[in-house]
Amino acid sequence: MAATTTVEVPHLGGIQAGYTLSGGAYDPSKPTCVLINSMCTTVSLYRDQFADAALTDALNLLAIEPLGHGATSCPTEHFTYWDTAVMALQVMDKLGIDKAFALGTSQGGWMVTRMALLAPGRIQGLVLLGTSMDYESADSRSKGCWDPRTLLAPFYEKWCSPTPTPDFVVDDVWVGMVATLGFGAAGTAEMVSFWTETLKEVYKGDEGRKKLKMALGCLLDRDGLCRRVRDVTCPVYWLQVCDATARQTVGTDDAPFGTTVPAEQIKLFTSSKEATLTMVQGGNHYLNATNPKEVGAALLQLVNKYK
């Protein structure tokens, strides 16, 4: 489900940001990791991380729902991934958190990297999961990345309406795509049912339609970060799933971004204290959900080394 707690921050005229904090309160004696979820999911994407005592004993987990997602809302219909990055930093301010590590799944990777660019003194390290630093450029598409503008633009057009749509509910086709692209073969019947119910609760009515439209608009029209990531100074641990039988050559279970582009782009973090790419065998695009053990180990390694 979506977050049950919100906090108001000033960006864009007053955003209500949905979030979940492990332990229910910030513990200043522990380091903190901000978690930003993938497209059309919520803080519930990180259920496994919040249930992992090794993680919650070692650090505060602060999952924040991006603009266009979950319980987060704002007075303007239009926003970008940069706005979510500013919002997340302001949530940290409101909760009294000066510095944090940040983990992002898929689109969350784009947002936490923007946080590191906007506030280099506050982001202590990044964990990037199943992502890309480019927009889906011709170069990226030629190297195995998907083409969301062709695939998803018809949904955006369908969700535009000059008149209110009080009876809107996100359709099963879109819900199925979120589950298929994100969880793949790792998606259980329970998991699919949970996310079907969640998406239909979040994206309903006129407000839900507008949130969904702009969540997709951010993806379709986003700017790439390949020229900017040289200015990221914190350490970066990037995990990308790779099919166990094909290794790192012809096969991958990360349908949107493959393995070639991440291997090239990790080298662009030339100012980072450390920048590593780990190919995770098996699993799928939403690595924190399909491979929580590997993700938890990487996060703890990063935190213990750089806290």
Notebook entry, point to check: When DSSP beta bridges are limited to those with both residues in the chain, what percentage is antiparallel, rounded to the nearest 5?
Noted result: 30 percent
Item checked: Proxy reagent accessibility, fewest Cβ within 10 Å first, across 33, 226, 160 -> 160, 226, 33
Note to self: As I understand it, the dipole of segment 105-259 uses +1 on the Cβ of Lys and Arg and -1 on the Cβ of Asp and Glu, about the Cα centre. Which of 198, 111, 175 lies farthest toward its positive end?
What the structure shows: 111
Item checked: Cα convex hull volume per residue for segment 10-64 (Å³) -> 92 Å³
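Could you tell me which of rounded, prolate or oblate describes the chain, using a ≥ b ≥ c as the square roots of the eigenvalues of the alpha-carbon gyration tensor, with rounded for a/c under 1.5 and, failing that, prolate when a/b is larger than b/c and oblate otherwise? Kindly include the intermediate steps, with their values, before the conclusion.
Details: a/c = 1.38, a/b = 1.10, b/c = 1.25.
Verdict is rounded for the chain.
For segment 180-307, take N as its residue count and report Rg(C-alpha) divided by 2.2 N^0.38 Å.
Computed over Cα atoms of segment 180-307, the ratio equals 1.23.
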Check: Quick one: Cα convex hull volume of segment 184-231, Å³ per residue?
Finding: 130 Å³
Check: Considering the alpha-carbon set of segment 86-186 alone, what are its Rg and its Dmax in angstrom?
Finding: 17.5, 45
Notebook entry, point to check: Which whole-number percent gives the relative contact order of segment 61-185, counting Cα pairs below 8 Å spaced six or more residues apart?
Noted result: 16 percent
Item checked: Residues with amide H under 5 Å from that of residue 103, placed H, sequence gap 5 or more -> 34, 35, 36, 127
Check: Using θ = phi - 60° and the Karplus curve 6.51 cos²θ - 1.76 cosθ + 1.60, what whole-Hz ³J(HN,Hα) does each residue of segment 48-58 get, with Gly and Pro shown as x?
Finding: 5, 5, 5, 8, 8, 4, 4, 6, 6, 6, 8
Next item on the list: Starting from 0 in steps of 10 Å, tell me what percent of the Cα-Cα pairs of segment 159-250 lands in each bin.
Entry: 13, 29, 29, 23, 6, 0
Check: Going by how many other beta carbons lie within 10 Å of each one, how would you line up 191, 39, 87, fewest first?
Finding: 191, 39, 87
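Can you bin segment 266-307 into rounded, prolate or oblate? Criterion: square roots of the alpha carbon gyration tensor eigenvalues sorted a ≥ b ≥ c, rounded for a/c under 1.5, prolate for a/b above b/c, oblate for the rest.
In terms of gyration-tensor shape, oblate.
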Notebook entry, point to check: In the structure shown, do any of 143/210; 200/267; 94/307 have a Cα-Cα gap over 28 Å, and if so which?
Noted result: 143/210; 200/267
Check: Rounded to the nearest 0.05, what FRET efficiency is calculated for residue 169 and residue 118 with R0 set to 41 Å and r the Cβ-Cβ distance?
Finding: 0.70
Check: Out of 118, 181, 151, any idea which swings most in a Gaussian network model of the chain, alpha carbons joined below 10 Å?
Finding: 151
Next item on the list: Bin width 10 Å, alpha-carbon pairs only: give the P(r) of segment 43-101 as whole percents, running from 0 to the bin holding the largest distance.
Entry: 20, 45, 30, 5
Note to self: Over the chain, what is the relative contact order in percent, taking alpha-carbon pairs closer than 8 angstrom and at least six residues apart?
What the structure shows: 20 percent
Item checked: Whole-number D in µm² s⁻¹ for segment 14-129, Kirkwood Cα-pair radius fed into Stokes-Einstein, 10 °C, 1.306 mPa s -> 115 µm²/s
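The numbers here are math on the coordinates, done by the rules we state, and not lab data. Only a predicted model underlies this, so the values are computations on that prediction, with no experimental measurement involved. Neighbour counts are summed over all protein chains in view; Cβ atoms, including those assigned to glycine, are modelled from backbone coordinates with ideal geometry.
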